[in-house]
Structure formats: structure tokens, C-alpha cells
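Structure record follows, encoded as C-alpha cells.
Just so it is clear, none of the values below were taken in a lab; they were calculated from the coordinates. The structure presented is a predicted model; accordingly, all values stated were derived computationally and were not measured. As a convention, Cβ positions derive from the backbone with ideal geometry for all residues, glycine included, and neighbour counts pool all protein chains shown.
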Amino acid sequence: MHTDLASALRFPAYYGANLDALNDCLSDVATRTYGWSESDTGLVCVLNGYDEFLVQNRATAQSILDIYARQAAYAALFGHRMMCLVKSSDRQIYIAPVGGTPVSWNHLELQ
């Protein structure tokens, strides 16, 4: 997960591959220091297979969403849009509220 995010968002070589480092680097992404360009209208991070990751390490999986939500709110202070989409094939998945907001399915996917 750390390797994929670091590559996709062009984290610096010194990225520490832990949750504190993820928070720090996503803070830089929120201010567009790296990870996306001035011409981009927003940044969407898609987490494929999240249900499998959640089963392996629930605390870390939840923390990642909380970190992303915090940094997306920070990005909004600068007029930048960041969103994280979670893809899961498990219709029974439970994700605790993220940043105080309940997590729900896209109703179009439940059909």
C-alpha cells in the first residue's frame, strides 16, 4: 500500500512508509507540492480491494481513510479538491465513520 501510494502520488524518496509519513506527505499533496499539477481540477485516490486490506489490518485500513479525509479537508482550505473512493466486492463490509462522517455505499451499486 505504501509503495503504491508513494508511486502514484510521486512522494519524495525519503518517504518513511508509515502512517505518520503518509500523513506528512499527503499534507504536501494537499497543497500541491507534488502528486498533481496546477492544471488538475482535483485528485481522486481509488483504493481497490479495500475489503481484503481491511481484513488483514483493520486499524491501519481505517487510519488511512482518516488521514486522507483530514488532508482532503486541509486541501479544501486552499481551494483544492481531494477525494478517496474505496472499492470493495464485499457488500457486508463495515467501515467506521471517517472524520466523523458515516461511510455508505453508492446506492447505484447496490442494484
With x for Gly and Pro, the residue-by-residue ³J(HN,Hα) of the range 33-41, computed from phi through the Karplus equation 6.51 cos²θ - 1.76 cosθ + 1.60 at θ = phi - 60° and given in whole Hz, is 5, 7, x, 6, 10, 4, 7, 6, 8
Measuring from the longest principal axis of the C-alpha atoms of the chain, the long axis of helix 19-30 (C-alpha) lies at a number of degrees, nearest 10, equal to 60
To the nearest 10 degrees, the tilt of helix 58-76 (Cα long axis) against the first principal axis of the alpha carbons of the chain is 50
Residues whose modelled amide H sits under 5 Å from the amide H of CYS84, counting only those 5 or more places away in sequence or on another chain, are CYS45
Between the modelled labels at SER63 and GLU38 (7 Å from Cα along Cα→Cβ) the distance in nm is 3.6
The size of the Cβ-based charge dipole (Lys, Arg +1; Asp, Glu -1) of the range 2-110 about the Cα centre, to the nearest 20 debye, is 140
Under the Karplus relation with 6.51, -1.76 and 1.60 and θ = phi - 60°, whole-Hz ³J(HN,Hα) for the range 98-103, x at Gly and Pro, equal 10, x, x, 10, x, 9
Summing -39500 (n - 2.57) over every DSSP H run of at least 4 residues in the chain and dividing by its residue count gives a helix-only mean residue ellipticity at 222 nm, to the nearest 500 deg cm²/dmol, of -12500 deg cm²/dmol
By the Kirkwood definition, with r running over pairs of different Cα atoms, the chain has a hydrodynamic radius in Å of 14.7
On the formula 1/(1 + (r/R0)^6), with r taken between the Cβ atoms of ASN18 and TYR74 and R0 of 25 Å, the FRET efficiency rounded to 0.05 is 0.80
Expected max-MSF residue from ALA76, ALA13, ALA30 in the GNM of the chain (alpha carbon, under 10 Å) is ALA13
